[in-house]
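Beneath this line is the structure, given in structure tokens, with notes to follow.
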Ligand SMILES: Nc1nc2c(ncn2[C@@H]2O[C@H](COP(=O)(O)OP(=O)(O)OP(=O)(O)O)[C@@H](O)[C@H]2O)c(=O)[nH]1
């Protein structure tokens, strides 16, 4: 949805900074590239930042088809954005590739006073749909690197398919990383 923090999350990942100040809603679509080193291999991520506003829906639909991965965000301070996740998931099933890598993110985890969606609710929804889940914060940086790195690892493993290499398991990787970091790394 609009305002959940998609642009801020991407800017935090790309530039390591938080876009404070007034909220400038994305018009249509935007993108940023970032090159990551994944286990000694350079992986270039081209990350599309969609507009959450309803009036841009037809523009954003066009980009689902070519996406290798989708990060689906809601805002933990905005219950409606959480409730809308089911509708976004059905859009994804309609427009995206069947084997698209999906991850559910509950953003603005820093905003504890305004929280209206508990972490357990996010976990439950993610489990229901079989997608990895974590809470993030573009403001504090919580789990931002982890979310994008996990996606990059999955995409790298899919594209390289080394015969002797064990299959990368995104779910397990995310759960393990969250546990070792006590779920709260920035
Ligand atoms: N507290 C807090 N505020 C955040 C966080 N991420 C984004 N915001 C604020 O939420 C507002 C919206 O952020 P954007 O990143 O522009 O939202 P968006 O999802 O890209 O919105 P659209 O472009 O309209 O789809 C801004 O005022 C941000 O400062 C966060 O992690 N914590």
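Read-outs: derived from the displayed coordinates by stated rules, not from any lab. Quick caveat, the model's predicted, so the values are computed rather than measured.
Shape annotation for the stretch 24-104: C-alpha extents along the principal axes are 41, 29, 27 Å, from largest to smallest.
Taking a ≥ b ≥ c as the square roots of the Cα gyration tensor eigenvalues, the chain comes out rounded, since a/c falls below 1.5.
In deg cm²/dmol, rounded to 500, what helix-only [θ] at 222 nm does the chain give when every DSSP H run of at least 4 residues adds -39500 (n - 2.57) and the total is split over its residues? Could you put the intermediate results ahead of the total?
Values: 7 runs with 73 residues, N = 186.
Calculated at 222 nm, the ellipticity per residue is -11500 deg cm²/dmol.
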